[in-house]
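Q: A single structure is presented below for examination.
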Amino acid sequence: MQYGNLTVLGEAGTNRHQKRLWRLRCVCGTETIKVASSVKIGRTTSCGCAVRKGGNTHHGNRYHPLYSTWCNMKARCDNPQTPSYKNYGGRGITYDPAWSEFPAFLHDVGEPPFEGASLDRIDNNGNYCVENVRWADRVTQRRNSRQIYPVEINGETKLLTDWCKVYGITIGGVHRRLEKGEDIVSAITRPKAARFL
């Protein structure tokens, strides 16, 4: 079956809204995963590489340096078969609907301002949108990602952000304790009045 510039290759499960996903091939050669209903009604007509200029459709954005960044962002949010889905779409993280198409994404995030910059969410519990993304170096991004890694306490595993809510401590407070040599469990659970020995 073909819809616009997309040829259906097969099923790809469902997204977090239980909408059926299709694996597709665009006329530009890119394989992608899209919501089946959006493809059927013509809302989605390409992998995102189509840019309309003067009435002509041009492909080739898949060669843009940020194209894979965009594809990976969408896969983490939409595709349960993606290994990192559990930390993104599985937690309810999504992206601005306008960013379903690559040109809109590129327009909003712009080109990386320095070599080695990577796209980072400011609030790791927030969505991918223009208000919540920034270009960051790897050190900043790695420090920011520490908020969502899993921690086991008394046989129970939660994300660091969730443990902080349970014990009433901020992420910054935990990181300050870690920098002083505390182990992660103590850094999270130690009451403020108790001294670290």
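Q: Can you confirm whether V130 is modelled with pLDDT of 80 or more, buried (at least 17 other Cβ atoms within 10 Å of the Cβ), under 16 Å from the mean Cα position of the chain (by Cα) and outside the structural domain of I184 (by TED's automatic domain parsing)?
A: Details: modelled with pLDDT of 80 or more: yes; buried (at least 17 other Cβ atoms within 10 Å of the Cβ): no; under 16 Å from the mean Cα position of the chain (by Cα): yes; outside the structural domain of I184 (by TED's automatic domain parsing): yes.
Criteria not met by V130.
Q: Let me ask something else about it. Is there a residue being in contact with a Pro (Cβ under 9 Å, 6 or more places away or on another chain) and either within 23 Å of A117 (Cα to Cα) or at pLDDT below 80 (or both) anywhere in region 35-48?
A: yes
Q: Go through (1) under 13 Å from the mean Cα position of the chain (by Cα); (2) in a helix (DSSP H, G or I) for N124 and report which single condition fails.
A: Status for N124: all satisfied but (2).
Q: Looking at region 13-33, I want the residues that are in the same structural domain as S46 (by TED's automatic domain parsing) and without any contact (Cβ under 8 Å) to a residue 24 or more places away in the chain and have a partner that is outside any strand (DSSP E or B) and small (G, A, S) with Cβ atoms under 6 Å, at least 6 apart or on another chain. Which pairs are those?
A: Cβ pairs passing all conditions: R20/A36; W22/A36.
The values are calculated or read from the model by the stated rules, or taken from the named source; none is laboratory data. In this text, all values refer to a predicted model and were calculated from it rather than measured experimentally. Glycine also receives a Cβ, built like all others from the backbone with ideal geometry; neighbour counts cover every protein chain displayed.
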